[in-house]
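K.L.:
Take this structure first; my questions come after.
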Amino acid sequence: MIQLEQISKSFGKQEVLQSIDLQVKKGEVVVILGPSGSGKTTLLRCINYLEKPDAGQITIGDLKVDTKHPTKKEIHALRQQTAMVFQQYNLFKHKTALENVMEGLTIVRKMPKDKARTISIQVLEKVGLGNKLDHYPVQLSGGQQQRVGIARALALNPEVILFDEPTSALDPELVGEVLSVIRKIAKEGITMIVVTHEMDFARDVANHVVFMDGGLVVEEGTPEEIFQRPKEERTRQFLSRIT
Ligand code: ADP
């Protein structure tokens with residue numbers, strides 16, 4: 001249901017993504033692993049066009065976009081069908097948790113306020129923040145702020161949620177609460193692509209694991225294949241460093 005074909009991206013002379021192919025089935029959780037600088041974040045950002053790929057095709061459901069010559073309508077549609085959860089949460093500081101979640105629905109989706117409020121309360125309850133609706137980001141812990149970030153993505157009801165190292169900015173004691181929220185929504189069958197260094201989480205939640213290095217997909221497979229029987233030396237080396 002999501003297919004990337006030959007996605008390439010350079011920054012100046014540096015080829016950050018070299019003809020990446022990736023398939024994600026509906027309801028699947030795909031985890032992308034790889035050393036820092038391997039192109040993981042850039043790949044995620046290309047999927048919703050926060051970064052413009054130089055070439056390649058992106059297919060999400062019925063939408064097929066040639067990234068070299070996309071129409072404005074296609075870019076808009078790609079963004080409508082994806083939602084991103086950022087490393088640094090990216091919440092509006094002068095808006096409450098509820099207002100942060102409502103914003104995407106009222107402004108981007110043009111939804112009436114009442115309906116947006118109802119949906120936003122539901123998703124904030126789902127991430128365990130039903131009692132923090134009127135709190136501003138500064139009044140929330142990092143873990144709570146990231147859960148608002150997740151609620152904001154969920155509210156949009158996208159085809160796929162893209163997680164860019166969602167726990168890497170958190171103090172260690174706050175990582176667990178965020179991972180357990182992600183686990184919970186994964187069980188509900190929401191399609192996700194997750195860039196993370198949390199190996200236990202990846203082992204546990206991923207249906208499919210992709211190992212990237214140097215702008216290439218070096219190896220991919222089930223968590224068992226990648227963690228227990230990696231075929232490529234680069235994968236083995238990475239896993240021995242990180243686990
Ligand atoms: P990862 O997520 O695997 O750490 P990134 O996708 O963030 O890797 O980065 C891949 C490479 O692209 C890095 O060398 C990084 O410095 C470079 N890069 C990323 N974004 C930009 C940008 N906006 N301008 C120039 N170089 C960039």
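Just so it is clear, none of the values below were taken in a lab; they were calculated from the coordinates. Treat the numbers as computed from the prediction; the structure is a model and nothing was measured. For neighbour counting, all protein chains shown are included, and Cβ atoms are generated from backbone atoms with ideal geometry for every residue, glycine included.
K.L.:
What size of dipole, in debye to the nearest 20, comes out for the chain about its Cα centre when the only charges are +1 on Lys and Arg C-beta atoms and -1 on Asp and Glu C-beta atoms?
P.N.:
Computed charge dipole of the chain: roughly 800 debye.
K.L.:
Which whole-number percent is the relative contact order of the stretch 2-242 (Cα, under 8 Å, 6+ apart)?
P.N.:
26
K.L.:
Give me Rg over Rh for the stretch 180-243, both radii from the alpha carbons and Rh done the Kirkwood way, two decimal places.
P.N.:
Here the Rg-to-Rh quotient is 0.97.
K.L.:
Between the stretch 189-243 and the stretch 20-49, what is the C-alpha centre distance in whole Å?
P.N.:
Between the Cα centre of the stretch 189-243 and that of the stretch 20-49, the gap is 11 Å.
K.L.:
Here's another thing I want to ask about it. Radius of gyration and Dmax for the stretch 120-171's Cα atoms, expressed in Å?
P.N.:
11.1, 31
K.L.:
Report the GluC sites (Glu not before Pro) located in the stretch 143-243 that are in a DSSP loop and have at most 15 other Cβ atoms inside 10 Å of their Cβ, or state none.
P.N.:
Filter output for the stretch 143-243: 188, 232.
K.L.:
Can you give the calculated 222 nm mean residue ellipticity of the chain, where each DSSP H run of n ≥ 4 adds -39,500 (n - 2.57) and the sum is split over every residue, rounded to the nearest 500 deg cm²/dmol?
P.N.:
-11000 deg cm²/dmol
K.L.:
Using only Cα atoms, figure out Rg for the stretch 1-104 and give it as a multiple of 2.2 N^0.38 Å. Mind showing how you got there, number by number?
P.N.:
On the way: Rg = 14.9 Å, N = 104, 2.2 N^0.38 = 12.8 Å.
Cα-based Rg divided by the globular estimate yields 1.16.
K.L.:
Additional query: For 92, 211, 86, which order do you get if you count the other beta carbons within 10 Å of each Cβ and list the fewest first?
P.N.:
So the residues, fewest neighbours to most, are 92, 86, 211.
K.L.:
Could you check the spin-label model distance between residue 228 and residue 169? Points 7 Å from the Cα along Cα→Cβ, value in nm.
P.N.:
3.7
K.L.:
Test of understanding: express the Cα radius of gyration of the stretch 2-242 as a ratio to 2.2 N^0.38 Å, with N the residue count.
P.N.:
Against the compact-globule rule of thumb, the ratio is 1.01.
K.L.:
A further question on this structure: I want to make sure I understand the PRE zone here: with the label point 7 angstrom from the Cα of residue 122 toward its beta carbon, which residues in the stretch 150-167 have backbone N atoms less than 11 Å away?
P.N.:
155-157
K.L.:
Rounded to a whole number of µm²/s, how large is the Stokes-Einstein D of the stretch 74-208 at 4 °C and 1.567 mPa s, given Rh as the Kirkwood radius over C-alpha pairs?
P.N.:
Using the Kirkwood radius from Cα pairs, D works out to 87 µm²/s.
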